[in-house]
Amino acid sequence: MKRTIKLIKGQNLRYIGRPFPGYIAETNYMTFLNDHSVFEINVLYNNKEMIINRFDTKAVV
């Protein structure tokens with residue numbers, strides 16, 4: 001089972017999942033907004049709010 005990490009609103013995340021339409025590999029980080037469900041989170045990416053799988057991200061320290 002994958003371990004979940006506690007995310008803080010406004011925290012930068014690096015996307016490590018499968019590319020999706022509109023994804024740019026060399027772009028800036030995603031910003032965590034809030035939890036959507038157990039396995040999904042709301043993030044801000046390129047000024048668009050989207051829902052992604054929480055296990056497809058890595059926290060930037």
Here P(r) for the chain, Cα-Cα distances in 10 Å bins, as whole percents, is 23, 62, 15, 0
Here the range 34-48 yields Karplus 3J(HN,Hα) values (6.51, -1.76, 1.60; θ = phi - 60°; whole Hz; Gly and Pro given as x) of 6, 7, 9, 7, 4, 10, 10, 10, 8, 10, 9, 9, 6, 6, 10
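Counting only protein heavy atoms and a 1.4 Å probe, tell me what percentage of the chain's accessible area is made up of carbon and sulfur. Walk me through the numbers on the way to the answer.
Details: 2520 of 4820 Å².
Within the chain, the accessible surface is 52 percent carbon and sulfur.
The values are calculated or read from the model by the stated rules, or taken from the named source; none is laboratory data. What you see is a predicted model, and the numbers here were worked out from it, not measured in a lab. For accessibility, only protein heavy atoms count, side chains too; no ligands or nucleic acids. Shrake-Rupley method; radii C 1.70, N 1.55, O 1.52, S 1.80 Å.
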